[in-house]
1. For the subset of segment A:514-525 comprising residues that are touching a residue at least 60 places away in the same chain (Cβ under 8 Å) and within 11 Å of chain B (Cβ to nearest Cβ), which member is nearest to residue B:25 (Cα to Cα)?
2. Take the residues in segment B:14-25 that are in contact with a helix residue (DSSP H, G or I) (Cβ under 8 Å, 6 or more places away or on another chain) and either more than 14 Å from chain A (Cβ to nearest Cβ) or assigned to a strand (DSSP E or B) (or both); name whichever of them is nearest to residue A:520 (Cα to Cα).
3. Could you check residue A:329 against (1) in a helix (DSSP H, G or I); (2) under 26 Å from residue A:407 (Cβ atoms) and say which number it fails?
4. How many residues, within segment A:498-513, are within 14 Å of another protein chain (Cβ to nearest Cβ) and either at pLDDT below 90 or in a strand (DSSP E or B) (or both)?
5. Could you tell me which residue of segment A:1-30 is surrounded by the most Cβ atoms within 10 Å (Cβ to Cβ), considering only residues that are within 14 Å of chain B (Cβ to nearest Cβ) and touching a strand residue (DSSP E or B) at 6+ places or on another chain (Cβ under 6 Å)?
6. So which strands (runs of 3 or more DSSP E) are wholly in segment A:1-108 and hold at least 3 residues that are over 42 Å from the mean Cα position of the chain (by Cα)?
7. Residues B:69, B:112, B:93: which one is surrounded by fewer than 17 Cβ atoms within 10 Å (Cβ to Cβ) and within 13 Å of chain A (Cβ to nearest Cβ)?
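The values are calculated or read from the model by the stated rules, or taken from the named source; none is laboratory data. No experiment lies behind these values; they were computed from the predicted model shown. Neighbour counts are summed over all protein chains in view; Cβ atoms, including those assigned to glycine, are modelled from backbone coordinates with ideal geometry.
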């Protein structure tokens, strides 16, 4: 079997001492975490290791000895061999390095005294050793993907590399002791040159807890207000309310005073926080653009003429439908009835808009200020304004659809009667039925009437459905961009670009050229995650579910005349 | 110890195989594809620019010319950075794993490492494509839930596509190492 030793790069030039680390269970490998230098008292070493073991839940042991002899330290070798009796192990490693040579030599002593050396033997027997150098700080900070929780009991055994990464990440308390500490032990690891800290970071950490508590209290008020709003039916239709509830839920996660436990929670918090900041910044930018040169008043001034224009166009459309649209001949009476009905609606709508027009500028001015809550809010408000202004189109669509739907149902039922069949409600199927003569007569009459009225209702339905679809398309584009801003993981992408070793997909090995007689030396580097995987992994889930209907189902609904609701949002209660 | 012999890929272009033995259980195989041919690049560029000049002749619009230049440059950069593979390497380390790496003409390297615990076997598979049978070397990955089944297949040397004689060399060396260390 091949023995694999993970050796940190920072210890390449360390003075002689004891190797401290962990044997990886289940695989024939060991991770070296630090080197304890001479002089030391073995009792204190054992005490320190047991303290750390209880603190970090990692079973740290003395793995062996490391010798890099300087001038005047020739007697080290025999001293090192005697150490194996003080720290009884199954396997004792003796790594040594000479100044001027790049390769290490390694000897493994088994418990029963059998010495196994890394020399090529004729009969092919004997253990072989691989020394893998790794950058301790990067491996400690890095997270292997796909992420598996540490405490999670999974039926899949963790792979060797995952265990190595976990060991180094969990042994953080081992790296707190640096060379300026006055303790009895002198360690060598990546931080032994001195721990780095920044006063600003420490102050922010101290200040963050009371700030978080205060913000959580504020947010609970907002959340209660949003819950009250949710009771109203209309709030689920207005995307602004939905967006504010969604943001409130997010802030509860971000500002909770509890520190993020796992990597996934931490990334989620950081992503939400960063995307919220960027949202606010973009919103403030929008406000500064809108309110400079009083653009918002100009916008409000053009709003009423635009609404008027839309209403006028609709009127002309209806006049066209009431005549001979596209050369088709309509049923004169039905045409006039429907046309006059819709024209009266438009007349009501125009009067309503004219009633509101003196207040529009003030309302818009205050509503524009809400963009300081974020660009997503501004876009949601825009979507709601568009929905309100085109409410009459929505109403026309509903009327046209209902009428058409009734016509189609009537036609299908009477067609069945024509053929002598009937819909069995109990059995949910079509059964044959014998009708009386007068039933058949009236049925056929009604069928003919509905059939000849069909083109008129179908045309009105078609025109209003197309108008409604245009509005839905526009709202859909706004909705998509809000969704994008909400779910894009900015922090994760920034981390991937600036600190690529934090998000690791795997590792890379390079063979280091070695001298003959030394074991194989490999350099392990971190292979960062691809950007597309980062997006997939860390996308913040949003509240919208894309239309459940496939295109075929949508076309069928349109043909039959059922009302379509393309942007259904996820609701808490099950309907 | 390095070896170089004459091999070709499935289309008949000449490739080279370099086999390095770092230790008794660690070997590295590099398959080098033929480099980007200068003649092809010049022909392509001339074709596009003559076409753009012809369009400019009729429309008298200089944006056609500048867009042709930008298009050619962008296309060339995309080709050497994302499409043209210079060499592919297979590094097999007994009892640790197998590393596959593709190096592109612009110097970019994309690496995958497969641990030994996930690796079931390395085999030569044959694929029937239209009228020809193509041999390819592939790694069989174990299903973590059921060690006997094959979860997925990772084909090796996909850009260089060496022929069977080259694959047999690599296969034999890999099987030696796998037999030694498991």
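1. Kept after step one, since they are touching a residue at least 60 places away in the same chain (Cβ under 8 Å), are these residues of segment A:514-525: A:514-515, A:517-525.
Pick out the ones that are also within 11 Å of chain B (Cβ to nearest Cβ) and you get A:514, A:518-522, A:524-525.
Numbers: A:514: 15, A:518: 14, A:519: 11, A:520: 9, A:521: 12, A:522: 13, A:524: 17, A:525: 21 Å.
Per the criteria, the residue is A:520.
2. Narrowing segment B:14-25 to residues in contact with a helix residue (DSSP H, G or I) (Cβ under 8 Å, 6 or more places away or on another chain): B:15, B:17, B:19, B:24-25.
Of the ones still in play, those that are also either more than 14 Å from chain A (Cβ to nearest Cβ) or assigned to a strand (DSSP E or B) (or both) are B:15, B:17, B:19.
Working: B:15: 29, B:17: 23, B:19: 17 Å.
My answer is B:19.
3. Of (1) in a helix (DSSP H, G or I); (2) under 26 Å from residue A:407 (Cβ atoms), only one is false for residue A:329: (1).
4. Taking segment A:498-513 first, the residues within 14 Å of another protein chain (Cβ to nearest Cβ) are A:500, A:504-513.
Filter again for either at pLDDT below 90 or in a strand (DSSP E or B) (or both), leaving A:504-513.
Within segment A:498-513, residues that are within 14 Å of another protein chain (Cβ to nearest Cβ) and either at pLDDT below 90 or in a strand (DSSP E or B) (or both) number 10.
5. Our first condition is that a residue be within 14 Å of chain B (Cβ to nearest Cβ); within segment A:1-30, this holds for A:1-6, A:24-30.
Next cut, touching a strand residue (DSSP E or B) at 6+ places or on another chain (Cβ under 6 Å) only: A:2-6, A:28-30.
Working: A:2: 21, A:3: 21, A:4: 23, A:5: 23, A:6: 26, A:28: 14, A:29: 22, A:30: 23.
Taking the candidates together, the pick is A:6.
6. Correct list: A:61-67, A:91-97.
7. Working: B:69 fails: within 13 Å of chain A (Cβ to nearest Cβ); B:93 fails: surrounded by fewer than 17 Cβ atoms within 10 Å (Cβ to Cβ).
Step by step, each of B:69, B:112, B:93 is checked, and only B:112 is surrounded by fewer than 17 Cβ atoms within 10 Å (Cβ to Cβ) and within 13 Å of chain A (Cβ to nearest Cβ).
Quick grid of which residues meet (1) at pLDDT below 85; (2) over 24 Å from residue A:451 (Cβ atoms); (3) in contact with a helix residue (DSSP H, G or I) (Cβ under 7 Å, 6 or more places away or on another chain); (4) surrounded by fewer than 16 Cβ atoms within 10 Å (Cβ to Cβ):
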position: A:316; (1), (2), (3), (4): no, yes, no, yes
position: A:343; (1), (2), (3), (4): no, yes, yes, yes
position: A:364; (1), (2), (3), (4): yes, yes, yes, no
position: A:389; (1), (2), (3), (4): yes, yes, yes, no
